[in-house]
Each structure stands twice: as structure tokens, then as C-alpha cells.
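Asker: Here it is: the structure, laid out below.
The values are calculated or read from the model by the stated rules, or taken from the named source; none is laboratory data. Small disclaimer: the values here were computed from a predicted structure and weren't measured. All Cβ positions, glycine included, derive from the backbone under ideal geometry; neighbour counts span all protein chains shown.
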């Protein structure tokens with residue numbers, strides 16, 4: 001049986017009570033269409049406009065230690081600014097499924113500002129992901145995205161000094177998956193990707209023909225004078241590419257423990273390279289409906305969903321309070337723009353450690369302090385958080401709590417809210 005509440009929790013960051021009531025009235029099919037093909041512009045996101053950062057502070061190459069310190073401090077401040085901004089946008093975006101999909105792609109093409117350092121390049125990458133028409137267009141753009149190229153040392157990849165990092169991850173983590181290539185394929189693909197230089201000032205990659213290996217390469221059994229575009233197109237034609245992307249979407253939207261069923265994969269592959277169409281195939285599949293309770297919310301999903309349901313905007317909070325929230329997310333192990341590795345963030349029970357529980361409880365307490373908590377009961381908290389109800393064990397704890405803020409705090413930290 002299709003569960004519209006499950007759909008809203010998985011497709012977006014978490015519905016408000018009003019959104020859930022409207023979706024139940026509209027029905028599953030209408031709600032799904034509105035999520036994946038929203039009519040009109042995203043009015044909500046206009047209240048969180050993209051920050052205007054100006055030139056990167058290193059664009060003009062600081063010449064002494066004092067200038068470098070000032071440039072680094074500006075970068076740090078702008079990193080905090082864009083992180084806060086995107087969390088705010090996730091919460092207010094009317095096109096929830098598209099914003100959630102953008103966060104998925106950010107974790108898929110995992111690039112960290114901890115190495116890239118430039119907030120401008122990270123914002124540019126986010127816009128590239130947002131503007132891409134489909135996965136094929138996205139892959140072609142991302143192969144020359146300045147933040148990703150810098151992150152994987154692509155700017156150091158020349159015909160005289162080959163670097164294979166970007167080539168390897170393009171095959172293994174971004175497009176084909178483990179076991180779909182040989183070490184020789186990686187070396188040859190590295191040659192195809194030579195010749196790109198990152199320009200921080202112009203926020204793009206510049207191609208330098210003198211540094212490109214224009215000779216013939218044999219990649220995955222095909223011989224040609226591959227360049228970056230030719231390599232990406234070759235990978236897109238591989239049968240394993242749409243299968244890999246379908247499996248990644250399943251892993252993040254359906255189950256982090258069970259493999260994607262063959263029939264589900266085939267339906268999603270048939271919709272490749274359009275991500276929204278692939279998600280539609282997933283959300284209409286009976287395997288998705290059967291997977292309730294199979295996903296643990298990532299910290300960002302948990303926080304943004306809570307902010308939506310409680311009417312809290314991190315963009316409108318005092319800096320000190322916003323810092324407490326961002327520091328809490330960092331302690332939980334997930335901050336936008338800062339994945340821990342090129343493999344992105346983990347999923348599943350890794351988020352349910354005892355240490356994480358303590359941090360989450362403190363962060364839930366902060367949110368409860370910011371929310372309107374008048375006259376709350378266990379039943380009204382469940383309604384507010386769009387839950388079907390409480391287990392007997394959780395209800396036994398909540399029913400004896402008299403402080404409404406404490407009640408909401410426990411609700412936000414409950415297993416029912418953490419697992420969807």
C-alpha cells in the first residue's frame with residue numbers, strides 16, 4: 001500500500017503537518033507528480049537568496065603572511081555563511097524533492113571545502129548540479145568542475161606528470177561502481193583528463209592544450225584519442241552506469257541495508273538519465289512502499305525536517321545560536337560542503353551511536369527552546385512531527401513528562417523520528 005507520509009519523508013526533508021494533511025487529501029499519485037514536477041517557480045527559496053560573495057580572497061594572490069591570514073579568515077567566514085544559507089534554503093524550499101535531490105548529488109559528487117577552501121568554487125559547483133538537465137549533462141559538467149578537479153588533484157594532471165585520482169573516482173564512485181574497470185583503464189583515463197587548470201578568479205577550469213595528452217588511449221576496450229568529453233561519453237554508454245546510479249538512489253532513498261531488487265533496478269534504468277524520472281520509477285515501485293523503517297535520517301535530514309516542522313529558520317537566528325546549531329551538526333558528523341571523503345557520507349546505523357545520541361539530544365533541546373511549545377502532549381508532538389504515533393516503550397517515557405520543551409526534545413530524539 002502506498003504511504004504518502006513515507007513518500008514525503010523520503011522525497012523531501014520532512015513534511016509539515018499542513019503539507020501532510022494536504023497530501024493525504026490529494027492522494028499518492030498527485031502528490032508524487034507535484035513533488036517531482038512542481039508547477040511554477042519555487043517561491044519559498046526566494047526568501048533564502050544565494051549569497052553574493054564577490055571574488056575569492058585568494059584570486060589576487062596574497063603576497064605576505066598578514067594578507068594570507070586575512071584571506072583565510074574571510075574564506076572561513078564565507079564558508080560559515082554559505083553553510084548556514086544552504087541549511088536555511090533546504091528548510092524553506094517549496095520544491096522539496098528537488099532540493100533533497102540536490103543534497104543527494106552533493107553527497108554523490110562529494111567535494112569538501114576543507115581541501116578546496118574556496119566558498120566561491122563550492123557555490124559554483126552547487127549551481128552546476130542544480131542547473132544540470134540530467135545525469136549525462138551533469139557528468140560532462142562535473143568532469144571539468146573547478147572544485148571537483150581541485151579536490152581530486154586534476155589541476156596537477158599533465159601529460160608529463162599524470163595524476164589518476166579524478167579518473168579513478170570518475171569510474172569507481174561517480175559513474176560505474178567498483179569492479180567495472182581495470183588499473184590500465186584508470187591510467188589511460190587519467191591521460192584523457194590531462195590539461196585542465198583551475199582558475200579561482202574566474203571560477204572555472206581552463207584547458208591548456210600543451211599539457212594535454214592527445215595520443216591514442218585504450219579505455220574499457222575502446223581505442224580512440226579520448227579527451228575529457230570523450231571519456232565521460234564512453235562511461236555514460238556503459239551498461240553499468242545507469243545500474244550504478246539506480247543503486248545509489250535506492251541506497252539513499254529506499255534502503256541502506258537491502259540491495260536494490262532486480263525489477264526495481266530495471267524500471268529505474270529505463271528512465272536513465274533523467275533523475276526525476278528514475279525517482280518516479282522508484283517511488284511507484286512496491287519495493288519502496290515495503291521499505292518503511294529501513295532508513296536512518298542523516299543529521300542534515302533530521303535537522304532540516306525539524307526546522308521545517310517547528311517553523312525555525314537558521315537564517316533568521318542570532319549568529320551565536322546559528323553557530324550552536326552548525327557546531328552540533330559538525331559534532332554529529334555532517335555539515336553541507338564538508339563530506340569526510342570522496343566517498344561521501346555514510347548511511348544507516350552509523351548515525352545511531354551513543355555519542356551521537358548525546359549530541360542530538362542537546363541539539364534537539366536547542367530547537368525546542370526556539371519553538372512554540374505551549375500545551376504540548378505526546379499526541380500533539382507526534383502530530384507536529386508528522387509521525388503515525390509512538391511505540392509503547394517511547395509513549396511510556398513521554399506520558400510522564402510535564403515540561404513541554406522537554407517533551408518536544410525527547411520527541412525529536414526518539415527512534416520514531418530518527419528512523420523512517
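Asker: For region 305-314, check the following and say yes or no: at least one residue is outside any helix (DSSP H, G or I), touching a residue at least 60 places away in the same chain (Cβ under 8 Å) and touching a strand residue (DSSP E or B) at 6+ places or on another chain (Cβ under 7 Å).
Answerer: No, every residue in region 305-314 fails to be outside any helix (DSSP H, G or I), touching a residue at least 60 places away in the same chain (Cβ under 8 Å) and touching a strand residue (DSSP E or B) at 6+ places or on another chain (Cβ under 7 Å).
Asker: Something else about it: Hey, any hits in region 157-175 for a residue that's over 29 Å from residue 269 (Cα atoms), more than 22 Å from the chain's Cα centre (by Cα), at pLDDT 95 or above and assigned to a helix (DSSP H, G or I)?
Answerer: Within region 157-175 (the criterion being over 29 Å from residue 269 (Cα atoms), more than 22 Å from the chain's Cα centre (by Cα), at pLDDT 95 or above and assigned to a helix (DSSP H, G or I)), the answer is no, since none of the residues qualifies.
Asker: Scan (1) touching a residue at least 12 places away in the same chain (Cβ under 8 Å); (2) surrounded by fewer than 20 Cβ atoms within 10 Å (Cβ to Cβ); (3) not in a helix (DSSP H, G or I) for the single condition residue 45 breaks and write down its number.
Answerer: (3)
Asker: Scanning region 411-420 for residues that are part of a helix (DSSP H, G or I) and closer than 18 Å to residue 307 by Cβ, which turns out farthest from the chain's Cα centre (by Cα)?
Answerer: The extreme case among them is 411.
Asker: Residue by residue through region 283-302, note down the ones that are in contact with a helix residue (DSSP H, G or I) (Cβ under 6 Å, 6 or more places away or on another chain) and closer than 30 Å to residue 85 by Cα.
Answerer: 283, 296, 297, 299, listed by residue number.
Asker: Can you pull out every residue in region 18-31 that is closer than 24 Å to residue 311 by Cα and in contact with a helix residue (DSSP H, G or I) (Cβ under 8 Å, 6 or more places away or on another chain)? Walk me through how you get there before you give the answer.
Answerer: Within region 18-31, the first condition is being closer than 24 Å to residue 311 by Cα, and the residues that meet it are 18-26, 31.
The answer is 19, 20, 23, 24, 26, 31.
Asker: Quick one: is residue 321 out of contact with any helix residue (DSSP H, G or I) (no Cβ under 9 Å at 6 or more places or on another chain) and farther than 24 Å from residue 111 by Cα? I'd like the intermediate steps shown before the answer.
Answerer: Numbers: out of contact with any helix residue (DSSP H, G or I) (no Cβ under 9 Å at 6 or more places or on another chain): no; farther than 24 Å from residue 111 by Cα: yes.
When the stated conditions are applied, residue 321 does not pass them.
This table checks each residue for (1) in contact with a strand residue (DSSP E or B) (Cβ under 9 Å, 6 or more places away or on another chain); (2) free of Cβ contacts under 8 Å to residues at least 60 places away in the same chain; (3) part of a helix (DSSP H, G or I).
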| position | (1), (2), (3) |
| --- | --- |
| 81 | no, yes, yes |
| 84 | no, no, yes |
| 97 | no, no, yes |
| 115 | no, yes, yes |
| 122 | no, no, yes |
| 127 | no, no, yes |
| 144 | yes, no, no |
| 149 | yes, yes, yes |
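Asker: Can you report the number of residues in region 224-257 which are in the same structural domain as residue 141 (by TED's automatic domain parsing), buried (at least 22 other Cβ atoms within 10 Å of the Cβ) and part of a loop (DSSP other than H, G, I, E, B)?
Answerer: 1
Asker: Could you grab me the full set of residues in region 48-63 that are surrounded by 14 or more Cβ atoms within 10 Å (Cβ to Cβ) and touching a residue at least 24 places away in the same chain (Cβ under 8 Å)?
Answerer: Across region 48-63, the qualifying residues are 48, 50, 51, 53, 56, 58, 59.
Asker: Go through the residues of region 57-73 one by one and say whether even a single one is under 25 Å from residue 320 (Cβ atoms) and assigned to a loop (DSSP other than H, G, I, E, B).
Answerer: Yes: one or more hits.
Asker: Here's a follow-up. For the structure I just gave you, tell me whether residue 114 is more than 16 Å from the chain's Cα centre (by Cα) and under 21 Å from residue 50 (Cβ atoms).
Answerer: In short, no.
Asker: Another question, then. Yes or no: residue 220 in contact (Cβ under 8 Å) with a residue 40 or more places away in the chain and either over 21 Å from the mean Cα position of the chain (by Cα) or surrounded by 19 or more Cβ atoms within 10 Å (Cβ to Cβ) (or both)?
Answerer: no
The rows are residues; the columns are (1) without any contact (Cβ under 8 Å) to a residue 40 or more places away in the chain; (2) more than 30 Å from residue 117 (Cβ to Cβ); (3) not assigned by TED's automatic domain parsing to the domain that holds residue 102; (4) not in a helix (DSSP H, G or I).
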| position | (1), (2), (3), (4) |
| --- | --- |
| 181 | yes, yes, no, yes |
| 259 | yes, yes, yes, yes |
| 263 | yes, yes, yes, no |
| 269 | yes, yes, yes, no |
| 278 | yes, yes, yes, no |
